[in-house]
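Presented below is the structure to which this report refers.
Please treat every number below as a calculation from the coordinates, not as lab data. Predicted model only: the values in this text are computed from it and were never measured. Counting neighbours? That spans all protein chains shown, and the Cβs are built from the backbone with ideal geometry, glycine included.
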Amino acid sequence: MVFYALLVGAELDGLTNLQPAGGCDDPTYPYYFKLRCEGCTETSTKTTCVSLDEVVELSNGKGTANLVQKCKFCPREGSIVMIPGQGTPLTSELSQKGEMACLMVFECRGCEPTEFAFGNGWKAESVHGTKFDIDLSEGEFDEYDESGGCPVSLSKLQSTFKVVKKQGFHGKTRYV
Ligand SMILES: [Zn+2]
């Protein structure tokens with residue numbers, strides 16, 4: 001199995017704390033991406049969706065996963081377990097440094113996540129504390145913060161899945 005961290009970045013103007021509407025560990029937030037098969041290296045044509053509250057039995061009877069999907073091109077079956085408690089919002093500080101934030105960690109067997117898709121159901125707040133619901137389907141967001149009296153915007157969305165390793169650190173588990 002391999003652990004993949006979902007990293008997201010964006011240019012934030014007057015905004016901070018970009019994350020799914022219920023937080024990174026929102027049980028119902030659907031993370032959308034495609035799967036590349038480890039057996040035949042083909043990438044699925046359809047986008048897959050995983051969320052923490054979707055739990056399925058593994059076909060070998062050895063536990064559960066958040067997704068079990070058979071490859072369309074070979075007999076291989078892949079599975080994904082989401083690991084909550086590792087995500088942080090994308091802050092304006094990270095954005096200004098050109099860094100990305102880890103939202104979620106995925107433990108993958110037989111498949112590799114790729115091509116993350118930003119959809120609806122995100123939130124952020126202005127630097128004055130005004131909260132905004134954000135639809136990232138179009139990849140951009142422009143609004144005016146009435147109470148703060150300044151325009152806010154988001155652009156240049158990017159995302160990547162980075163291979164990370166599980167580490168014990170002062171009694172806690174981290175993925176770096
Ligand atoms: Zn395959």
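Over the chain, dividing the summed -39,500 (n - 2.57) contributions of all DSSP H runs of at least 4 residues by the number of residues returns a 222 nm mean residue ellipticity of -500 deg cm²/dmol.
Taking a straight line from the alpha carbon of K97, these lysines sit under 17 Å away, with near neighbours fewer than eight places off in the same chain left out: K156.
Listed values for the stretch 101-112 are Karplus-derived 3J(HN,Hα) couplings in whole Hz (6.51 cos²θ - 1.76 cosθ + 1.60, θ = phi - 60°), namely 10, 7, 9, 7, 10, 10, 9, 10, 10, x, 8, 10, and x replaces Gly and Pro. For the pair D135 and S159, how long in nm is the line joining their label points, each one 7 Å along Cα→Cβ? Taking the two extended label points, one gets 1.7 nm. Take every pair of alpha-carbon atoms less than 8 Å apart whose residues are at least six positions apart; their mean separation over the length of the stretch 130-176 yields a relative contact order of 23 percent. Once the Cα-Cα distance is subtracted from the 0.36 nm per residue extended length, the R76 to H170 segment shows a gain of 30.1 nm. Charged side chains reduced to their Cβ positions (Lys and Arg at +1, Asp and Glu at -1) give the chain a dipole of some 1160 debye around its Cα centre. Summing charges over all other residues whose Cβ lies under 15 Å from the Cβ of T43, with Lys and Arg as +1 and Asp and Glu as -1, gives +2. For G121, nonlocal amide neighbours, meaning residues 5 or more places apart or on other chains whose placed amide H falls under 5 Å from its own, are I134, L136. The Stokes-Einstein estimate for the stretch 88-138, based on a Kirkwood radius over Cα pairs and taken at 4 °C with 1.567 mPa s viscosity, is a diffusion coefficient of 97 µm²/s. For the pair the stretch 126-173 and the stretch 55-82, the centres of their Cα atoms are 30 angstrom apart.
Take the Kirkwood radius over Cα pairs of the stretch 1-73, plug it into Stokes-Einstein at 4 °C and 1.567 mPa s, and you get 87 µm²/s for translational diffusion. Stokes-Einstein at 37 °C, 0.692 mPa s, Kirkwood radius from Cα pairs: D for the chain in µm² s⁻¹? Estimated diffusion coefficient is 191 µm²/s. Amide H contacts of C111 (H built 1.01 Å from N, in plane; Pro and chain starts excluded): E38, S79 sit under 5 Å, all sequence-distant by 5 or more or on other chains.
Taking all Cα pairs closer than 8 Å and separated by 6 or more residues, the relative contact order of the stretch 1-54 comes to 29 percent. Cα convex hull, the stretch 3-45: 128 Å³ per residue, rounded to a whole number.
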